[in-house]
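The values are calculated or read from the model by the stated rules, or taken from the named source; none is laboratory data. This structure is a prediction, so every number in the text was calculated from the model and none was measured. So basically every Cβ, Gly included, is an ideal-geometry build from the backbone, and we count neighbours across all protein chains shown. Surface areas here come from the heavy atoms of the whole protein model, side chains and all, with no ligands, DNA or RNA. Shrake-Rupley method; radii C 1.70, N 1.55, O 1.52, S 1.80 Å.
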Amino acid sequence: MTPKLEDLPQRALDTLDTSDPETKVILYSNNTWSYYRPSLQALDELPVYREHWDTTQVFAYRSIELADLPPVTDLKLISSLSDFHYPVMGKVLSKYGRRGRRNHNGVDIPLQIGEPVYATFDGRIRYSKYNTGGFGNLVIIRHRNGLETWYAHLTKRNVETEQYVKAGQIIGFIGSTGRSRGPHLHYEMRYCDQTFDPEFIVDFETGQLRYQTFALEKSFFNINSRASDQLEEDDEWDDSFKMLASESGENTSEEILERITNPQKSQKSQPTGLNPSNAVYHTIRQGDMLSKLAVRYGVSIDQICRLNGISRNTVLRLGRKLRIK
Ligand SMILES: [Zn+2]
């Protein structure tokens, strides 16, 4: 009788390398094979998760200067075992780069409070806490290739430092915490603390990764990346977005949690008509009163209150923009 394959003695014959340096293929004497992946403990031993590992501060590579980096760093972004997932999908409202006299070290993608935010690649949480420098609830993931992805202004963080995450895992939810003008994700990519434009790698509108391996040139880095560990969010967002943002920004934390934990039920309570292209705004001038505005624009006082999250007794500050329709 011929022995069945599974009855044959299984003895490791050889170990083969794969494209992922941390993954091997083991060949057995019974003509079977398996992947060998290091345990979490082995991951802990990797230099990338041990060296320059600081869970208390946003910058972890203070001893490495921009001048120390090579002209080009090849970043292997995905492999057969390490995948990609967009952090969020949406339109980049404020791009990476100079913003007035300041620098914007990431991209801003406005979304509704409570939308999930995903880990871009597999990695380990280096930082997860409320940051008083302006980032609000901030999660930083260090990836195997040394790249770090930063996720700021979250309403809620879903991960703890030291934890390993997979690409696509929900690490938190969109919010407007810290120095933020409205609910959005401020997203950064950093290598050795230095930033470059995340749009080089991710197409946020389609949610696609642009490269499997990315040649990160030194010239891509912003020389001011590390000038400050404070987030400088500026006010180049257009007015329509500000209004959109303030509407959802005035959700109470109870509403936010309700939405996160019970998306179906709370769907109904979401504000409608958020398309800013149809919106009508009015800038408050001397002598303006809600009753006058209501008559002038042919809407009810209640509607103006509802659209702006104010009450009939709210003092109208001069220069404030109110949404009318
Ligand atoms: Zn930003």
State whether one or more residues within region 95-104 are under 13 Å from HIS186 (Cα atoms), assigned by TED's automatic domain parsing to the domain that holds TYR130, in contact with a Phe, Trp or Tyr (Cβ under 7 Å, 6 or more places away or on another chain) and within 16 Å of the ligand (Cβ to nearest atom).
yes
Qualifying residues in region 97-126 (those that are farther than 21 Å from PRO183 by Cα and in contact with a Ser or Thr (Cβ under 8 Å, 6 or more places away or on another chain)) - the one surrounded by the most Cβ atoms within 10 Å (Cβ to Cβ)
GLY123
Which residue, of GLU148, GLU115, GLU45, is more than 21 Å from LEU231 (Cα to Cα) and modelled with pLDDT of 95 or more?
GLU115
For the subset of region 48-72 comprising residues that are outside any loop (DSSP other than H, G, I, E, B) and open to solvent by 20 Å² or more (accessible area, probe 1.4 Å), which member is nearest to ASN222 (Cα to Cα)?
LEU66
Mind checking which pairs have a first residue in region 157-177 that is without any contact (Cβ under 8 Å) to a residue 24 or more places away in the chain and a second that is buried (at least 21 other Cβ atoms within 10 Å of the Cβ) and not aliphatic (A, V, I, L, M), Cβ under 6 Å, 6 or more apart or different chains?
ASN158/GLY172
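Yes/no per residue for (1) more than 24 Å from GLN57 (Cα to Cα); (2) more than 16 Å from the ligand (Cβ to nearest atom); (3) open to solvent by 40 Å² or more (accessible area, probe 1.4 Å):
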{"site": "GLU188", "(1), (2), (3)": "no, no, no"}
{"site": "GLN194", "(1), (2), (3)": "no, yes, no"}
{"site": "ILE201", "(1), (2), (3)": "yes, yes, no"}
{"site": "GLY207", "(1), (2), (3)": "yes, yes, no"}
{"site": "ARG210", "(1), (2), (3)": "yes, yes, yes"}
{"site": "PHE214", "(1), (2), (3)": "yes, yes, no"}
{"site": "SER219", "(1), (2), (3)": "yes, yes, yes"}
{"site": "ASN222", "(1), (2), (3)": "no, no, no"}
{"site": "ALA227", "(1), (2), (3)": "no, no, yes"}
